Amino acid sequence: MLKFTCCDAVKQFSGHVTAPLLRGITRGYERECLRVDRNGALAQTPHPLALGSKLTHPWITTDYSEALLEFITPPSQDPAFPLQFLRDIHRYSAQQLQGEYLWAGSMPCVLGSGQEIPIADYGPSNAARFKYVYREGLGLRYGRQMQTIAGAHYNWSLPADFWLALQDCCSAGSCGQDFVSERYFGLIRNFLRFGWLIPYLFGASPAICESFLQGHPSDLPELVPGTRYGPYATSLRMSDLGYQNRAQDKLHVGVNSLLDYTQALEAAIRTPDPFYAQLGVRDGDHWKQLSANLLQTESEYYAGMRPKRVGKRGERPAKALQTYGVEYVEMRLFDLNPFIDIGIAPEQSTFADVLLLMCLFRDSPPITAREQSENDENKHRIVSRGREPGLQLLVYNREQPFRALAHELFDDMQPFAEMLDAAYGGQRYSRTMQGLRERIDQPDSTPSARVLDAARTQGGFFNFGMQMARQHTQALQAQALDAATLAKFAASVQDSLLAQQAIDGAAQGSFEDFVAQYYA
C-alpha cells in the first residue's frame, strides 16, 4: 500500500503559522443556474431586466445561454460570507422571476434542438459582440446542449503575509511573486492527483434527461423511460458525456510551471485547426466563431482547476498570468446539489479549504505524461463508477483499493483541518471531515446515490429535478430580504443598466479591429 506523506514544510511552517495568516484566506463562489418555464423546458425569455445588465452587473450575469444565470459572490475573508451572499442573490433573483423556476441540478432540464437554446446577447458594443461570437463558436464546435450544463466554481487564495511567512521558512531559492506562482502550481499539480475526492464526495449528476442526448446513442442504461443513468456514477457532468472537449485532447497544457502553462495557452489560441477552419470563421458579415484556432480564447480550455489573475490593464488571461503571476486558483469540480436551494452545501467549502491546504504543502513533483494519463484515468473511474464496490484506482501503475486510498488522504488532511480549527476557533473543520469520511464506506450516503434514489422514486430525473426547482424557487421567493439588502440590490441593478448605456453609447471602431487587438 502506498503511504501518502506530506512534505517536511508542514512541520517547519506550522510553528510560524499564526491565526491571522489563515484567517486571511479569501474565498468566493460562482454558481450557474438554468431558468426554466412552468413546464420545465428551457426558458426562451430574455434575461430579466429586473436583474440588471448581464454585461456589467457585478453579481448577476449569464454564462453561455440567455437562460443560464451565473451568480458571483464578491471575494471575502469571512468563511461564512460567500454562501450568505449567494443566498441573498438567489432570494433577490427568484423574486424577480415571473412564472419561471431556477433549475436545481447540474444536468439540464428538457431540451429541444440546439437552435432552441438562446445564446446570451450582451448588447451592440464590440465587447458585447465579442462575448456573443465566442459563445456562438462554442455552440458550433461542441454543440449548444453541452453549454447548458451548470456547476459551481470555488475561488481561493492565500494572503500576502502567509506567502511571506512560508517563503521565510520554506523557500528553496525563488522569492516574491515567482515563489507564490511556483507554490500555486504545486498546489494545482496535487489537486490533479487527488481532486477525484471532490466528485466522489459531492458529485450529484448520476442521471440525465434523455433529451440531452438529442437522439445520439449512449451506453448509459435506462433508469425509467426518459432517464439514462450510470448505476455507480457520481458526476456525469465531469464525464466524457458532460462538459468536456474531445478536440482538446490535442492540447498539452502542462502545469509544471507558469511558463509551460501560459506558453501552451498562447500557442493554442494561435494554432489553426483544420476542422474549425472547415466550419469557417465568417459568413459574409456574420461571424460564426472568433477564430479557426484550437482555442478561440484561453477560457475555452476546460480544466478542473485554473490558475487565475485579474489583469491590471485588461490583458488576456494568459498574458495577465505571464505578467503578474498567479493571484488565486479556481476549483471547478463542484456539481450543483439539487437538494439544496442554492445548490451548494456549507461543507463543500470547508472540505475544499482543507484539501487545498494539503495540496499546497505536500511535495509536488512535476507531472509526467505517464502520470497525467493515470490522473485522467482515476478521475474517469470516479465520475463514471465511483460508488462501484471494490473500485480500484491507479497509483504508480498499480491498482489500489479506492477506499484505502481515500482514507489515507483523509488521514493526511487531518493536520490541516486542525490548523484551520486553531485559526478560526471551534471544531468545524475537524467535525466536517469526520462526517465526510463516513461517505467513503457508505456510498449510499453520497449526493449521487441520493439523487439516483430520488429519481427512481419520483419516476425519472426530470420529475425529480422539476419538483426540486419548484420547491426551491418558491421557498426563496417566500424569504423576504431586509430593507437594506433589497436597496443594495436595487441600486446595483440601476448602476449596471447605466453602465451598459454608457458602453453602448461610446464610439466603436470596427469589430474586426477589436478582435485583432485581442490577439495582438
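The values are calculated or read from the model by the stated rules, or taken from the named source; none is laboratory data. Note that the structure is predicted; figures quoted are calculated from it, not measured. Cβ coordinates were reconstructed from backbone atoms using ideal geometry, including for glycine residues, and neighbour counts include every protein chain displayed. Surface accessibility is based on the protein's heavy atoms, side chains included, excluding ligands, DNA and RNA. Shrake-Rupley method; radii C 1.70, N 1.55, O 1.52, S 1.80 Å.
The candidate values are [x] 0.96; [y] 1.21; [z] 1.00; the one derived from this structure for Cα Rg over 2.2 N^0.38 Å carries the label [x]. Once the cut-off is 18 Å, how many percent of the Cα-Cα pairs in the stretch 10-140 end up in the long-distance tail? Tail of P(r) above 18 Å: 61 percent of Cα pairs. Annotation: Cα Rg of the stretch 91-237 relative to the compact-globule expectation 2.2 N^0.38 Å equals 1.46. Computed on the Cα atoms alone, the convex hull of the stretch 413-520 gives a volume of 310 cubic angstrom per residue. Candidates Q278, P346, G254 compared by Cα position along the dipole of the chain: farthest toward the positive end lies P346, with charges placed on Cβ.
The Cα atoms of the stretch 278-338 give a gyration tensor whose axes a ≥ b ≥ c have a/c of 1.5 or more with a/b no greater than b/c, which makes the shape oblate. For the residue pairs K131/K308; K54/K379; K54/K312; K312/K379, the C-alpha atoms sit more than 31 angstrom apart in K54/K379; K312/K379. If R0 equals 35 Å, the separation of the Cβ atoms of Q471 and L498 corresponds to a calculated FRET efficiency of about 0.45. Each Lys and Arg contributes +1 and each Asp and Glu -1, all at the Cβ; summed about the Cα centre of the stretch 124-277, the dipole is approximately 420 debye.
Once neighbouring chains are kept in place and the probe is 1.4 Å, which whole percent of the accessible area of the chain is contributed by carbon and sulfur? Percent of accessible area from carbon and sulfur atoms in the chain: 51. Ranked from largest, the principal axis spans of the Cα set of the stretch 412-462 equal 47, 20, 12 Å. In the stretch 40-145, Cα pairs under 8 Å separated by at least six residues give a relative contact order of 28 percent.
Return the equivalent ellipsoid semi-axes of the stretch 36-85 as a descending list in whole Å, where each equals the square root of 5 times an eigenvalue of the C-alpha gyration tensor.
25, 13, 8
Panel values: the stretch 281-427, Kirkwood radius from alpha carbon pairs, Stokes-Einstein at 4 °C and 1.567 mPa s, translational diffusion coefficient 68 µm²/s.
Taking every protein chain into account, the accessible area of the chain amounts to 40 square angstrom per residue (probe 1.4 Å). In plain terms, if you count all Cα to Cα distances in the stretch 190-305 and split them into 5 Å steps from zero, the share in each step is 2, 9, 15, 16, 14, 15, 14, 10, 4, 1, 0 percent. Taking every C-alpha pair closer than 8 Å and separated by at least 6 residues, the mean separation divided by the residue count of the stretch 157-234 gives a relative contact order of 24 percent.
The residue among I188, M331, Y302 whose Cα reaches farthest toward the positive pole of the charge dipole of the chain, with charges on the beta-carbon of Lys, Arg, Asp and Glu, is M331. The shape of the stretch 458-506 can be summarised by an equivalent ellipsoid whose semi-axes, obtained from the alpha carbon gyration tensor, come to 35, 19, 4 Å from longest to shortest. Short-range pairs are left out: with C-alpha atoms under 8 Å and at least six residues apart, the relative contact order of the chain is 23 percent.
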